Amino acid sequence: MNFFFIAAIILLIIMGFIALSGDSHLKTEAANPAEVQGKFTLLLYGSSSPNDLANIAILDQEGDPYSFEIYAPDFAYTVQAGLDAAQALQEAERFVRRNIQSERSRLHRVLSPAGAGIGFELRPLYSVGTFGRDDILDVRYSIKDRKIVVRIELDPSIERQSTY
């Protein structure tokens, strides 16, 4: 009896710390290229080799109070600031399509906690016949103090599949 009571108290304390950490996860929604307007800082992650599947382009809207940061070593991504919408989209498309297995791309809007668009992501889509689905990335956006941290990984099932 005491063991279960103590375990429940510890679990509640851990959940409280997680809730108080201040991090909030952001959502994305489908977007149309015509909606990409203004100036952007382009963050290009991955593409370290022609076979690198984990590639993504993040378009950070300049002039808003938010900034994007990729959770990865500095050598894993590049940053280009001051691009207009057309330049940013063109460079993003070129980048995510560098992998020869990429068939097309998908544009999503990144939403603030209030639901306003604060940037975009362009991710490559692959053959369903090869991977079982076209979107093989696991991308998570968390925000704390107007800084958006982007965590990018291959879906674990795809990563296991590609190691054999």
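The values are calculated or read from the model by the stated rules, or taken from the named source; none is laboratory data. This one's a predicted model, so the numbers in the text were calculated from it and none came from an experiment. Positions of Cβ are generated from backbone atoms using ideal geometry, with glycine treated the same way; all protein chains shown enter the neighbour counts.
Side notes on the structure shown:
- Residues satisfying the criterion are present in the stretch 112-121 (criterion: at pLDDT 95 or above, out of contact with any Ser or Thr (no Cβ under 7 Å at 6 or more places or on another chain) and within 20 Å of Asn32 (Cα to Cα)).
- Filter pass, Arg104 being part of a loop (DSSP other than H, G, I, E, B) and among the charged types (D, E, K, R): no
- Scan of the stretch 88-115 for residues that are surrounded by fewer than 16 Cβ atoms within 10 Å (Cβ to Cβ) and β-branched (Val, Ile, Thr), ordered by number: Ile100
- Scan of the stretch 36-51 for residues that are surrounded by fewer than 12 Cβ atoms within 10 Å (Cβ to Cβ) and either part of a strand (DSSP E or B) or at pLDDT 90 or above (or both), ordered by number: Gln37
- None of Asp145, Asp134 is in contact with a helix residue (DSSP H, G or I) (Cβ under 7 Å, 6 or more places away or on another chain), among the acidic types (Asp, Glu) and at pLDDT below 95 except Asp134.
- Residue in the stretch 117-145 that is surrounded by the fewest Cβ atoms within 10 Å (Cβ to Cβ), counting only those that are among the small types (Gly, Ala, Ser) and under 21 Å from Leu83 (Cβ atoms): Gly117
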